[in-house]
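Presented below is the structure to which this report refers.
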Amino acid sequence: MNKNTNVILRNVKETVAASGALSCGDTVIVGVSGGPDSVALLHVLSVLRHELGLFLHVAHFNHGWRKSAKTDEQFVRKLAGELGLSCSCARASGWAVPTTAMEERARAQRLKFFQRLAKKINARAIMLGHTQDDLVETVLMHILRGSGLQGMRGMLLSRKIHGICLIRPLLDIKKRDILAYLKHNRILFRQDPTNRRPRFLRNRIRLELLPLLEEKYNPGIREVLANLTDTVCVDYDYLEVEAGKVFSRMA
C-alpha cells in the first residue's frame, strides 16, 4: 500500500469519525455515478467497512442524458456485485438536452432518490464522492453569481437533511490524488463526456477560468479558495451560534 493510498484511507476514516453520525452496524448509502471520484470512494469504503463496522448499499441515479448512461448503470451494478454489495438504481425520464438549470434540478432529483432509499432501507447516512476540486469550483461559481457567507462555504464535509446525514469523505482530497489512487490500485471507472462540454457554467470554470487564474494570477488559487471555505465555515458557525443565543433571549 503506497503513501497516497494510506493518506486517502486515513482521511476518509477521520472524516467519517468527525461527522459523529455513525455507529457500528449502521447502513450507509454510497452514491456511485461510475466516474472516478465515486468509484474511488466506494473502493475505499469497501476496504474500511469492517474496520468502521458499516454496511454499504450502492445507489446509482441514471439521468438518461446520453447514450452511455445505460452502460454506466450496468457498470455500477457489476461493480457492486463484484464487491458483494447490494445496489439500487433509479432513472429519470423526459429529459431534453441538458442545461445548467436542468443539471441543478437533476442533482435535486438524485438527492431525493437517495433520501427515499435511505428511509426504505433504514440507512443512517448518504456518502458522496465530491473532492476538493468540486469544492473549489462550487465556491468560485457562487462568487461569480453573487454570494454571502453561506454560499462561500461551498460544500460541507457533513450536514443533516431531514434527519439523514450527508457526508463527503473525499472533500479534502485533490482530484489528482484520486486518479493516482485508482491508477495504483488498477481500478476501472467510467468517463462522463458531458464534463468536457462548455455549455455548463461549472465546466467553463473547470476548463477555462481556473486554468486562466492559475496561469495568469495565482498558481495556488485552488488552495486559496479551499482555505477560504475553511475560514468562512468557522465564521459562519460562530455567527450562527451567537445569533441563536440572541434569538433565544429575544423570542
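Listing for the model above:
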quantity: Total residues in segment 12-63, condition open to solvent by 30 Å² or more (accessible area, probe 1.4 Å) and not in a strand (DSSP E or B); calculated: 17
quantity: In segment 120-160, residue farthest from the chain's Cα centre (by Cα) [restricted to those that are of a type in the set (Val, Ile, Thr) and not in a helix (DSSP H, G or I)]; calculated: 126
quantity: Pair list, Cβ < 7 Å and 6+ apart or interchain, from segment 196-212 residues that are open to solvent by 60 Å² or more (accessible area, probe 1.4 Å) to residues that are among the charged types (D, E, K, R); calculated: 198/204; 206/137
quantity: Residue match in segment 197-218 (condition: under 25 Å from the mean Cα position of the chain (by Cα) and among the aromatic types (Phe, Trp, Tyr)); calculated: yes
quantity: Hits in segment 109-155 - residues which are charged (D, E, K, R), free of Cβ contacts under 8 Å to residues at least 60 places away in the same chain and either over 27 Å from residue 42 (Cα atoms) or crowded, with 21+ Cβ neighbours inside 10 Å (or both); calculated: 145
quantity: So residue 25, is it at pLDDT below 90 and among the small types (Gly, Ala, Ser); calculated: no
quantity: Meets criteria (farther than 22 Å from residue 77 by Cα, under 16 Å from the mean Cα position of the chain (by Cα) and not hydrophobic (A, V, I, L, M, F, W, C)) for residue 192; calculated: no
quantity: Odd one out for residue 166, checked against (1) within 25 Å of residue 64 (Cβ to Cβ); (2) assigned to a helix (DSSP H, G or I); calculated: (2)
quantity: Condition met for residue 169 (more than 18 Å from residue 107 (Cα to Cα) and more than 12 Å from the chain's Cα centre (by Cα)); calculated: no
quantity: Any helices (runs of 4 or more DSSP H) falling wholly within segment 194-251 and containing at least 3 residues that are within 21 Å of residue 35 (Cβ to Cβ) and modelled with pLDDT under 95; calculated: 201-204
quantity: Residue count for segment 47-73, restricted to those that are at pLDDT 95 or above and within 22 Å of residue 90 (Cβ to Cβ); calculated: 6
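The values are calculated or read from the model by the stated rules, or taken from the named source; none is laboratory data. Computed from a prediction, not measured in an experiment: that's the story for all the values here. All Cβ positions, glycine included, derive from the backbone under ideal geometry; neighbour counts span all protein chains shown. Each accessible area value is taken on the protein alone, full model and side chains, heavy atoms only, with ligands, DNA and RNA left out. Shrake-Rupley method; radii C 1.70, N 1.55, O 1.52, S 1.80 Å.
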